[in-house]
Number of protein chains: 2
Amino acid sequence: MQEAEQLDRFFEICRQHNLKITPQRTSVYHALMSAENHPSADDIFQIVKHQYPNITFDTVNRTLMTFTQIGLLTIVESYRGSRRFDPNFEDHHHMHCLKCGRIVDFTSDEFDQLKAPKKLMQKFATVLSSRVIFNGICLECQNKTDKFYRNNKS
Amino acid sequence: MQEAEQLDRFFEICRQHNLKITPQRTSVYHALMSAENHPSADDIFQIVKHQYPNITFDTVNRTLMTFTQIGLLTIVESYRGSRRFDPNFEDHHHMHCLKCGRIVDFTSDEFDQLKAPKKLMQKFATVLSSRVIFNGICLECQNKTDKFYRNNKS
DNA sequence: TTGTATTTAAGAATTATTCTTATTTAATTG
DNA sequence: CAATTAAATAAGAATAATTCTTAAATACAA
Ligand SMILES: [Mn+2]
Ligand SMILES: [Mn+2]
Ligand SMILES: [Zn+2]
Ligand SMILES: [Zn+2]
């Protein structure tokens, strides 16, 4: 998506939800769209502060939560630390590094097709999304001596 | 597993890791094994407090982290709130309710077999585990008006 | 341009987790 | 069984993450 297109999408969705288009919100949206991986509210705050030195963390965080409510991004599953956001709306899946906490996107047509077992559907009224996650150690971390949060029995 | 068996497993694993078998640790292990779903450290603390009114949250939490390190339990992926633990070591997968945060286990032979794409393996030195997660709304929550943390574009 | 509901900044409050230190204790050894 | 000692605990402080409260500012509809 082009930058202009992205901005139009942002304006459009704000209007649909009766959200005022403020410089702060626009700047948060910009920062999000240019964020590489899965930024925390503080990651976005640090970026936006360059443009708006007086902006508060609360405003950035509140804005991100608002964006989540209206479907401009999602909150990512994680094992620790602060909440992290995902601006990537392509179907995709995640690999978590249990040492550094990095979350890497990957795509898989096969995994996109997984269906919840019928048994499970007796306990849930609605299924909204699914994702496959792999846990492991990334290349950068393989030689670190840090302990990690164990996520299987091996 | 019988209760006596479970305790033996606990003693055995503690000994293997040179951990002293204290009443506090034993009580935390008990509480864990009888916990239904995916308890937080505070959930366990509330239970253990009945038996040991002087125990501190820190001791419970530290004990749970120690248990995680030695493979007696795992930390569960989540979208919010406090860290949650999983004493269930059977292969299984999760359904998350985005309104109440409940995490429900389910099994699937199919999902147990998923393999990470080769492309991905160029970025990761080791894969330790995998899991499929479904996000949705549970039966108890379907009539609530609470907002929820959105996790897909629909 | 004005009116108003929304949004923001600032700072306090709350919640979750970890650290520091003095005391206690489990487990080893004599 | 008693002495020894490294490990574990309780208590409280500190840190980290998030949310709340309120007064001032502002987007935007009329
Ligand atoms: Mn992602
Ligand atoms: Mn589970
Ligand atoms: Zn890593
Ligand atoms: Zn629910």
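Tabulated data
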| item | result |
| --- | --- |
| 7 Å along Cα→Cβ, label-point gaps from A:His17 to other copies, nm, shortest first | 4.2 |
| For the range A:52-60, Karplus couplings with θ = phi - 60° (6.51, -1.76, 1.60), whole Hz, Gly/Pro x | 10, x, 8, 5, 9, 4, 4, 5, 4 |
| Chain A: relative contact order as a whole-number percent, Cα under 8 Å and 6+ apart | 17 |
| Paramagnetic reach from B:Gln69 in the range A:114-154 [backbone N under 14 Å; point 7 Å along Cα→Cβ] | A:145-150 |
| Exceeding the 30 Å Cα-Cα cut-off - candidates A:Lys123/B:Lys123; A:Lys118/B:Lys119; A:Lys118/B:Lys99 | A:Lys123/B:Lys123; A:Lys118/B:Lys119 |
| Rounded to whole Hz, the Karplus (6.51, -1.76, 1.60) HN-Hα couplings of the range B:143-148, x for glycine and proline | 9, 5, 9, 3, 6, 9 |
| Identity and axial distance of the chain A residue whose Cβ lies nearest the axis relating A to B, Å | A:Glu77, 2 |
| Ranked by how many other beta carbons lie within 10 Å on average, peptides A:6-14, B:27-35, B:123-131, B:111-119 from highest | B:27-35, B:123-131, A:6-14, B:111-119 |
| Mean Cβ count within 10 Å, highest first, over the residues of peptides A:68-80, B:139-151, B:77-89 | A:68-80, B:77-89, B:139-151 |
| Rounded to 10°, Cα long-axis angle of helix A:3-16 versus longest principal axis of chain A | 80 |
| Ascending list, in nanometres, of distances separating the B:Lys119 label from those of the other copies (7 Å, Cα toward Cβ) | 3.3 |
| Full-extension gain in nm, A:Asn37 to A:Gln122, via 0.36 nm per residue minus C-alpha separation | 27.1 nm |
| Part-to-part distance (alpha-carbon centres) for the range A:1-80 and the range B:81-154, which is given in Å | 25 |
| Proximal lysines relative to B:Lys20, as straight alpha-carbon distance under 26 Å, when same-chain residues fewer than 8 apart are discounted | A:Lys147, A:Lys153, B:Lys49 |
| Contact order relative to length of the range A:1-89, as percent, for alpha carbon pairs under 8 angstrom and 6 or more apart | 27 |
| Projected-area mean, chain A, by convex hull of Cα positions, square nanometres | 12.4 |
| Shielding of B:114-124 by partner chains, average beta-carbon count, 10 Å | 6 |
| Derived scalar couplings ³J(HN,Hα) [the range B:116-122; Karplus, 6.51 cos²θ - 1.76 cosθ + 1.60; whole Hz; x for Gly, Pro] | 5, x, 4, 3, 5, 5, 6 |
| For B:Ser130, residues with placed amide H under 5 Å, excluding near neighbours | A:Asn135 |
| Within 10 Å of each Cβ in A:92-100, the average number of Cβ atoms from other chains | 3 |
| For B:65-73, mean number of other protein chain Cβ atoms within 10 Å | 2 |
| Amide hydrogen neighbours beyond the local backbone of A:Cys138, cut-off 5 Å, H modeled | A:Leu98, A:Lys99, A:Cys100, B:Ala125 |
| Helix A:23-34 axis, angle to chain A major axis (alpha carbon atoms, nearest 10°) | 40 |
| Label spacing, shortest first and in nm, from A:Leu139 to its equivalents in the remaining copies (7 angstrom along Cα→Cβ) | 4.9 |
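Every read-out reported here was derived from the displayed coordinates using simple, explicitly stated rules and does not represent laboratory data. Keep in mind it's a predicted model, so treat the numbers as computed, not measured. Positions of Cβ are backbone-derived with ideal geometry, glycine not excepted, and every protein chain shown enters the neighbour counts.
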